[in-house]
Structure formats: C-alpha cells, structure tokens
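Below you'll find the structure, written out as structure tokens, and then a few comments.
The values are calculated or read from the model by the stated rules, or taken from the named source; none is laboratory data. Nothing here was measured: the structure is a model prediction, and the numbers come from that model. Ideal geometry is used to build each Cβ from the backbone, glycine not excepted, and the neighbour counts take in all protein chains shown.
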Amino acid sequence: MTWSLSLPVLSLNSHPVLHDIALTLRRGELVAICGPNGAGKTTLLRALAGLLPGTPPRDPRRVAYLAQGARCAWALTVGQVAALGRIPHRDAADAPVTHALQSCGILPLRDRRVDRISGGEARRAMLARAFATEPDLFLLDEPTADLDPATAQAIMRLLRSTAEAGRTAVVVQHAVDLAIRYAHRIIVLQSGHIAADLPARDALPALAAAFGLPFGVDPEPRLLSRDDCDLSP
Amino acid sequence: MSDGGHGDGVAWVPPPVAAPGRFAVCGDKKTRSVLCLLGVLVLILLVVSLLIGDGILALPDRLILLQIRLPRTLLAALVGAGLGLSGAVLQGALRNPLADPGLLGITGTAGLGAAVVFYWGLAAHFAPALPLGGLAGAAVGATFLLAFAGRAPSGPSLILAGIAVSALSASLLALALSLAPNPFALAEITFWLLGGLNDRSLIHVALAAPPILLGVAILLRLGPGLDALSLGEETAASLGVPVGRTLVLAATGTALAAGAGAAVAGGIGFVGLVVPHLLRPLLGQRPSALLPASLLAGAALLLAADLLVRVAPLVLPLSQPLPLGVLTALLGAPFVVVIARRAPLP
C-alpha cells in the first residue's frame with residue numbers, strides 16, 4: 001500500500017509555498033521531513049493530510065494527523081483525549097484506546113486530567129489520540145518537540161516499530177540526530193522543494209548542505225546522541 | 001547501545017486479539033445519574049412554580065393556573081433550557097470558557113425587534129406583536145450574522161461577526177430610545193429589555209416553543225464535533241469533522257434557541273455562561289458530556305430564578321417585582337469573576 005502526493009505548485013494566500021513536490025510513501029517506512037525553518041515542512045504535512053485546498057482529501061479513518069504543538073482547549077482526561085481518535089470511526093470502542101494508551105506508555109494516567117500532568121505526558125496523550133484511530137498513515141508534526149532526550153527517543157522507537165508492523169509514519173523532525181537514527185528515509189526540504197529524498201544513513205551530507213552546518217565533521221557542537229558515538233575501546 | 005534500556009514505559013505492544021468490546025465512555029454512569037437528578041429537580045421546580053404565585057403559596061383556581069402560571073412556568077423552562085444548551089455549545093465550539101449566547105448578537109437584535117414594536121405602539125392593537133417583533137429581530141440578526149461570518153467560518157470570524165451584529169443592534173436600539181415618541185414608550189422599552197416572564201400568555205409559549213425546540217434539536221446533535229474541536233479546528237478537520245458547517249449549525253441553533261427566548265423574555269444574561277461552568281466540576285470538561293445536562297440545568301436555573309423573583313417581595317420591601325434579567329445578572333456577575341480567576345485561560 002502506498003500513499004502519493006504530486007503538487008506542481010501549492011500556494012497559500014496567493015504566495016507559493018511548495019513547488020515540484022512528487023513523493024510516494026511506502027508501507028513499513030518511517031519517513032522524517034527535515035529542513036530549515038520556513039522550508040515548508042508543516043505545509044507539506046498538511047498537504048499529505050489533505051487539509052489544504054487543492055490537495056487530495058484523505059479518509060480520516062486511515063490517516064491520523066498530529067498538529068505542531070497540539071493542545072486541548074479543555075481539561076479532558078488522558079483517556080478522553082485518546083478516545084477522540086475514535087471520532088472518525090463513530091464508535092466508542094475501548095480496546096483501541098486502551099491499546100493506544102499502553103503503546104504510548106500512559107495507561108496508568110488514563111483518568112488524570114491533561115492539565116495536571118507533565119508536558120511530555122500531555123504530548124504522549126496527543127500521540128495516543130492518533131494511535132487510537134488505528135490509521136494506516138501517521139502524519140506527525142514535531143512529535144518529539146520539547147521532550148527530554150529519553151522520551152523523544154522512546155517515541156521515535158515506537159514510531160519506527162509501528163511502521164515496521166505494517167503502517168506508514170511521517171514525522172517533521174527538527175532533531176537531525178533522531179531522524180538519522182530512527183527514520184528509514186529522510187526528505188530534506190529547502191525553500192519549498194524537495195532538496196533530497198534518501199535512505200536515512202546516506203542523508204547526512206544533504207542535511208549538512210541544507211542547514212549550512214558541518215554535521216558529522218566537527219566533534220563540537222555535539223549534535224549526535226550519546227548512543228551514536230562508539231565509546232567502546 | 002541498548003535501545004530498550006530507558007525504562008520509560010513506551011513500547012510497542014501488539015494489539016490484543018479479539019478484545020472484549022466494552023462500549024463505555026468515561027464517566028458515563030456518572031453523567032446518567034447527574035442527568036436523572038437534574039430531571040427530577042426540573043420536575044420539582046415545575047410543580048413548585050405552578051403552586052407559587054406572587055408571594056402566595058396556595059392552590060390557585062383553574063383560570064390563574066392555565067392563564068398565568070402555566071405560561072410563565074413553561075416559558076421559564078423553555079427559555080432557560082435554550083440558554084443553558086446554547087451556552088454549552090458555544091463555549092465548546094469557540095473553545096472559550098467565557099462564551100455566552102449573547103456573544104453572537106442575536107439576543108440583542110431580538111430586543112431591538114421588540115423595541116421597534118414598543119416604538120410604534122403596535123402591541124396596543126395586537127397583543128402578539130411584541131413576541132413576533134422579537135422573533136423577527138432574532139431572524140434578521142441571524143441572517144446578518146451568517147452573512148457576515150461567511151459559508152465556512154472559523155471561530156474568530158464567527159465571534160467578529162457576532163460583535164458586528166451586537167454593535168449594530170446596540171446602536172439602533174440607542175437610536176430607538178433617543179427618538180422614543182413619549183416617556184412611556186421609553187420606560188416600556190427599558191423595562192422590557194431587563195427581561196422577565198410576568199404577564200406572558202400561552203400565545204407566547206406557542207410562538208417561542210417551536211423555534212426553541214428546533215434550536216435544541218440542532219444543538220444536541222453537535223456533541224462529537226465539539227469534542228473534536230477541543231483539539232483545534234485543524235485537528236478537528238483531520239478527524240473528518242466539517243468545522244465550518246459545525247460552527248454555522250452552532251450559530252443557527254443558538255439563534256433559534258436563545259434568540260426565540262430573548263424574543264419572549266427579554267434580555268436574560270449569564271444563564272448560558274454560568275450553567276456549563278456549574279456542571280464541569282460534576283461531569284468533567286468534555287463538551288459533548290455537558291450538552292443534555294446544560295439543557296436541564298438551564299431550565300432548572302431559570303425556573304428557580306423566576307421563583308425567587310416571585311418570592312422576593314415577601315422578604316424585601318419592593319414596590320415593583322424584581323426584573324428576572326436583573327436577578328440573573330446580579331447573581332451571575334460575581335460568578336464570572338470567579339470563573340475568570342479559576343479557569344486556566346488559553
């Protein structure tokens with residue numbers, strides 16, 4: 001099963017934001033979209049979700065979209081937030097919600113209010129909402145922003161294993177180290193076009209070019225996580 | 001190099017096979033018992049309201065019961081239910097704990113319609129002219145509101161359209177007051193705008209009930225859409241909720257339920273604002289869980305307030321009955337301060 005998007009040009013408020021976009025997402029892969037601020041990452045994700053005019057609409061039962069910095073206006077419980085993921089299915093099935101909470105490691109917090117838990121736990125509640133939909137395609141905008149390194153890695157690991165279990169996941173990821181380490185494939189976006197679309201292990205030079213930073217060359221500043229450095233004698 | 005050594009509990013767990021389908025929503029049992037209690041409370045208040053006249057507790061004769069107390073009681077329940085429900089829907093739709101049916105300006109244009117009737121003294125020739133004028137005002141206001149907001153409004157554009165309609169009706173009302181043909185018309189308009197349910201007839205009930213009930217039917221169906229909207233309009237759209245349509249239906253239902261209420265009862269503030277806040281500590285904050293309860297609690301609150309209006313002359317030296325809208329505002333205003341201080345505002 002594949003998902004594709006082809007956009008010669010996409011304009012927002014008569015200002016072109018994306019151009020020459022042609023990509024296909026395959027089943028089983030975790031794709032990271034990387035690029036400088038303003039490159040069009042969020043717009044590309046919204047386009048993939050079919051939320052922008054002129055983009056193909058998606059079946060909300062098969063596609064889950066997590067907005068950048070998503071938060072809940074009301075102090076729902078963690079379980080209620082996750083249950084919102086069942087709205088596209090028009091059911092109140094409990095099993096997918098419980099399973100989603102368990103996958104995201106917040107099942108014990110089920111009855112806690114989202115305004116009375118930590119930011120990282122609230123972020124996982126939002127992620128559990130996406131999991132509760134049981135979609136084939138996950139579209140997640142910075143799912144690990146402002147999470148501590150251990151939790152961020154755990155989320156990326158969860159997304160990778162979810163993809164490998166037969167789904168497709170796309171994340172906008174600012175942490176280049178997490179993208180390289182966990183994604184199967186990296187799309188480098190620059191000024192609204194796809195500058196590179198590579199397997200993650202080959203993406204470092206393209207990322208370095210996009211950001212104008214010598215990733216992987218200088219030991220300082222340390223951008224790769226500790227686990228990626230071979231510390232063994 | 002261990003990938004699983006963080007011990008933070010995040011792990012892929014395979015889906016359970018043939019999991020037992022427990023189709024229960026969080027707090028469902030609690031919601032049901034609160035609804036039952038509110039239903040009983042409304043029933044009790046309905047009976048008490050039929051029994052108590054202006055300060056007299058006595059079994060009235062048939063005529064008083066049918067011509068005076070029954071319309072008053074039915075209107076209090078209908079108007080209160082419409083205000084409570086539309087308040088809960090608007091707070092959910094706009095993701096704003098301070099939203100109130102008056103925000104959309106429809107209650108203002110209903111008051112303007114009634115003021116126009118007073119202005120030309122039409123009610124003297126034709127008794128139902130006043131509620132009809134109010135209904136016409138609400139309809140014109142709703143038309144303007146939906147035209148200003150556009151076909152697929154967002155929350156802020158709906159609020160702006162409501163502010164425009166409010167400003168328009170307030171200025172036209174001020175014009176009607178300043179050009180009032182005689183001091184009696186001025187006094188009548190002013191007193192009517194304060195809100196009240198005295199001297200209403202079954203004609204008022206017959207005119208207000210259909211739009212209020214239609215509005216209630218529209219608003220009660222919006223629950224899942226409002227739940228989705230608590231994650232923002234973009235996320236709601238990604239969940240398959242037609243955001244613009246949901247907001248248009250919320251505005252239309254409010255125009256019917258609260259606008260028709262204002263057309264027969266005048267300006268009764270704060271009921272729509274306060275009722276959802278009274279219920280959140282009991283039922284949680286999920287917007288859909290508040291809808292039926294807000295309907296019942298709104299009816300109970302206005303029935304109780306109207307009873308208070310009738311009992312007040314027994315304990316206070318009042319030469320005139322206390323206007324109902326004045327009472328709800330007097331009790332509501334301090335409550336708003338408490339909400340604003342306690343609610344984590346976005």
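Observations on the model:
- Residue in the range B:19-35 that is within 14 Å of chain A (Cβ to nearest Cβ), surrounded by 15 or more Cβ atoms within 10 Å (Cβ to Cβ) and at pLDDT 95 or above present: no
- Exactly one residue out of A:Ser14, A:Ser4 is assigned by TED's automatic domain parsing to the domain that holds A:Ala179, on the phi > 0 side of the Ramachandran plot, of a type in the set (Ser, Thr, Tyr) and modelled with pLDDT under 95, and it is A:Ser14.
- Number of positions in the range A:77-109 that are closer than 12 Å to A:Arg129 by Cα and part of a loop (DSSP other than H, G, I, E, B): 2
- Selection over the range B:274-296 of residues that are under 10 Å from B:Ala88 (Cβ atoms) and not small (Gly, Ala, Ser) gives a count of 10.
- Per the listing A:Arg110, A:Arg90, the residue uniquely touching a Pro at 6+ places or on another chain (Cβ under 9 Å) and of a type in the set (D, E, K, R) is A:Arg90.
- The numbered conditions (1) surrounded by fewer than 24 Cβ atoms within 10 Å (Cβ to Cβ); (2) not in a loop (DSSP other than H, G, I, E, B) are all true for A:Ala169 except (1).
- Count - residues of the range B:96-116 that are assigned to a helix (DSSP H, G or I) and within 9 Å of the chain's Cα centre (by Cα): 2
- Pair list, Cβ under 6 Å, 6 or more apart: the range A:112-128 residue within 11 Å of A:Pro143 (Cα to Cα), other residue among the polar types (S, T, N, Q): A:Gly120/A:Thr151
- Candidates are the residues of the range A:197-215 that are in a loop (DSSP other than H, G, I, E, B) and without any contact (Cβ under 8 Å) to a residue 12 or more places away in the chain; the one that is surrounded by the fewest Cβ atoms within 10 Å (Cβ to Cβ) is A:Gly212.
- Qualifying residue in the range B:257-267 (condition: surrounded by fewer than 24 Cβ atoms within 10 Å (Cβ to Cβ), of a type outside the set (Val, Ile, Thr) and either within 14 Å of chain A (Cβ to nearest Cβ) or under 25 Å from B:Ala115 (Cβ atoms) (or both)): yes
- Qualifying residue in the range A:87-94 (condition: touching a helix residue (DSSP H, G or I) at 6+ places or on another chain (Cβ under 6 Å) and not aliphatic (A, V, I, L, M)): no
- Once the range A:74-93 is narrowed to residues that are closer than 15 Å to A:Arg62 by Cα and facing chain B (nearest Cβ under 7 Å), the residue that is surrounded by the most Cβ atoms within 10 Å (Cβ to Cβ) is A:Leu84.
- Selection from the range B:198-248 of residues that are more than 10 Å from every other protein chain (Cβ to nearest Cβ) and assigned to a loop (DSSP other than H, G, I, E, B): B:Asn198, B:Asp199, B:Arg200, B:Ser201, B:Arg221, B:Leu222, B:Pro242
- For first residues located in the range B:271-298 and surrounded by fewer than 24 Cβ atoms within 10 Å (Cβ to Cβ), partners that are among the polar types (S, T, N, Q) and lie 6+ apart or on another chain with Cβ distances below 6 Å form the pairs B:Leu283/B:Thr31.
- The residues of the range A:110-140 that are assigned to a strand (DSSP E or B) and within 11 Å of another protein chain (Cβ to nearest Cβ), listed by number, are A:Arg113, A:Leu139.
- Options B:Ala88, B:Ala81, B:Ala93; residue that is among the small types (Gly, Ala, Ser), assigned to a helix (DSSP H, G or I) and over 25 Å from A:Cys72 (Cα atoms): B:Ala81
- Of all residues making up the range A:160-200, the number that are of a type in the set (Gly, Ala, Ser) and touching a Cys at 6+ places or on another chain (Cβ under 7 Å): 1
- Of the residues making up the range A:53-73, those that are facing another protein chain (nearest Cβ under 10 Å) and closer than 17 Å to A:Leu23 by Cα number 3.
- Complete set of residues in the range B:178-191 that are surrounded by fewer than 16 Cβ atoms within 10 Å (Cβ to Cβ) and assigned to a helix (DSSP H, G or I): B:Ser178, B:Pro183, B:Phe184, B:Ala187, B:Thr190, B:Phe191
- Check on A:Thr168, more than 25 Å from A:Phe211 (Cβ to Cβ), in contact (Cβ under 8 Å) with a residue 40 or more places away in the chain, away from chain B (no Cβ under 11 Å) and among the hydroxyl-bearing types (Ser, Thr, Tyr): yes
- Selection of the range A:113-136 for residues being among the hydroxyl-bearing types (Ser, Thr, Tyr) and either under 16 Å from the mean Cα position of the chain (by Cα) or buried (at least 18 other Cβ atoms within 10 Å of the Cβ) (or both) yields only A:Thr133.
- Residue satisfying all of: in the range A:205-225; at pLDDT below 90 and in contact with a helix residue (DSSP H, G or I) (Cβ under 7 Å, 6 or more places away or on another chain); farthest from A:Ser11 (Cα to Cα) among these: A:Ser225
- Boolean, A:Asp148 is in the same structural domain as A:Val31 (by TED's automatic domain parsing) and touching a Ser or Thr at 6+ places or on another chain (Cβ under 9 Å): no
- In summary, A:Leu109 fulfils each of the numbered conditions (1) modelled with pLDDT under 90; (2) over 20 Å from the mean Cα position of the chain (by Cα); (3) not assigned by TED's automatic domain parsing to the domain that holds A:Ile21 with the single exception of condition (1).
- Failed condition for A:Leu107, given (1) among the aliphatic types (A, V, I, L, M); (2) more than 30 Å from B:Ala88 (Cα to Cα); (3) out of contact with any Ser or Thr (no Cβ under 6 Å at 6 or more places or on another chain): (2)
- A:Pro57 vs. criteria part of a helix (DSSP H, G or I), loosely packed, with under 14 Cβ neighbours inside 10 Å and either outside the structural domain of A:Val172 (by TED's automatic domain parsing) or not small (Gly, Ala, Ser) (or both): no
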